[in-house]
Amino acid sequence: MAITAAMVKELRERTGAGMMECKKALVEADGDIEAAIEAMRKSGQAKAAKKAGRIAAEGVVMIEIAPGAKNGVLVEINCETDFVAKDENFASFAAAVARTALSPQATDALALSEMPLADDPAMTVNGAREALIAKIGENVQVRRLVRFDDVAGTLHSYRHGQRIGVIVDLVEGDETLGRDIAMHIAASNPLCVSADEVPAETLEKEKDIFRAQALESGKPANIVEKIIGGRVRKYLEEVTLLGQAFVKDPDVTVEKLLGRAGAKVVRFARLEVGEGIEKKEENFADEVMAQVRDS
């Protein structure tokens, strides 16, 4: 039976195993996904397969910047509980993954998972992940990777605890300014650098909302358009880095702060643990009991 990419993808999502391991298992099972899962469980990947369906919305965001500050990465590594996110074994794995991610071959999270681990080239990132799952008893996922390669300026970063990480490509400006801008992004979560980078679709949706709100007031059409224009300007100030008030001095916008230093932000990235993951609410007692039942 022909093994399709969709079959490999489904098996990978259901087991958390590597792409090559999934393809091999499917070939050996003649395309039978259930049989492949059973075989993978029997071959030492049991715990990884068993835990892979559980929600992993805790974890860490790691930052790694190469010497010279021209290349860097942000990586999100997830687990199921905050307790494990602070575990030394999980922390060591996350740090090794971040160091591995600096390699230019790590183009995305999937490619990163199949690479030899920086601290132990005999094992892939995915192999180390599966070994960690077996040790700690929780689902672990390398979820997201953002790369900065051969940047125009210099990379600066800020990490707020373990959960939020920011990298900024700053032209001119010193280390203090770079860290301040990264810290501001962590706190204010801008959508993009400037107004011209706001996606047209996003802006149109906001205009539609503003228009509907203004029309409800019963004002004339020409007044409605002025109201919409004012609200759009306010919205762009709120969602763009340059338009926002600087968190350490709200009387100054980030644009003015950068202007004083003759500096420019070319690009930034901000990752926060668990963004977009629907986290199941459980109390601690239920969580413990659930882990006991699954062990």
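If you check every pair at least six apart or on different chains, which have Cβ atoms under 7 Å apart with a residue in the range 87-110 that is closer than 13 Å to Glu64 by Cα and open to solvent by 20 Å² or more (accessible area, probe 1.4 Å) first and a residue that is part of a helix (DSSP H, G or I) and not basic (Lys, Arg) second?
Final answer for the pair search is none.
Conditions (1) under 30 Å from Thr4 (Cα atoms); (2) aliphatic (A, V, I, L, M); (3) at pLDDT below 90, marked per residue:
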| site | (1), (2), (3) |
| --- | --- |
| Ile33 | yes, yes, yes |
| Ala52 | yes, yes, yes |
| Glu76 | yes, no, no |
| Lys135 | no, no, yes |
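Kindly provide the set of residues from the range 229-259 that are free of Cβ contacts under 8 Å to residues at least 40 places away in the same chain and closer than 24 Å to Ala214 by Cα, ordered by number.
Gly229, Gly230, Arg231, Val232, Arg233, Lys234, Tyr235, Glu237, Glu238
Considering the range 229-278 alone, what residues qualify as being part of a helix (DSSP H, G or I) and within 16 Å of Gly153 (Cβ to Cβ)?
If the condition is that a residue be part of a helix (DSSP H, G or I) and within 16 Å of Gly153 (Cβ to Cβ), then Val254, Leu257, Leu258, Gly259, Ala261 are the ones that fit.
Which of (1) in contact with a helix residue (DSSP H, G or I) (Cβ under 9 Å, 6 or more places away or on another chain); (2) over 14 Å from Ala98 (Cα atoms) is the odd one out, the single condition Ala187 does not satisfy?
Going through (1) in contact with a helix residue (DSSP H, G or I) (Cβ under 9 Å, 6 or more places away or on another chain); (2) over 14 Å from Ala98 (Cα atoms) one by one, Ala187 breaks only (1).
What number of residues within the range 203-234 satisfy the criterion of being surrounded by 13 or more Cβ atoms within 10 Å (Cβ to Cβ) and either in contact with a Pro (Cβ under 9 Å, 6 or more places away or on another chain) or under 25 Å from Val266 (Cα atoms) (or both)?
Matching residues across the range 203-234 total 2.
The values are calculated or read from the model by the stated rules, or taken from the named source; none is laboratory data. Owing to the predicted nature of the structure, the values given are computational and were not obtained by experimental measurement. As a convention, Cβ positions derive from the backbone with ideal geometry for all residues, glycine included, and neighbour counts pool all protein chains shown. Quick note on the areas: whole protein, heavy atoms, side chains included, nothing else; ligands and nucleic acids left out. Shrake-Rupley method; radii C 1.70, N 1.55, O 1.52, S 1.80 Å.
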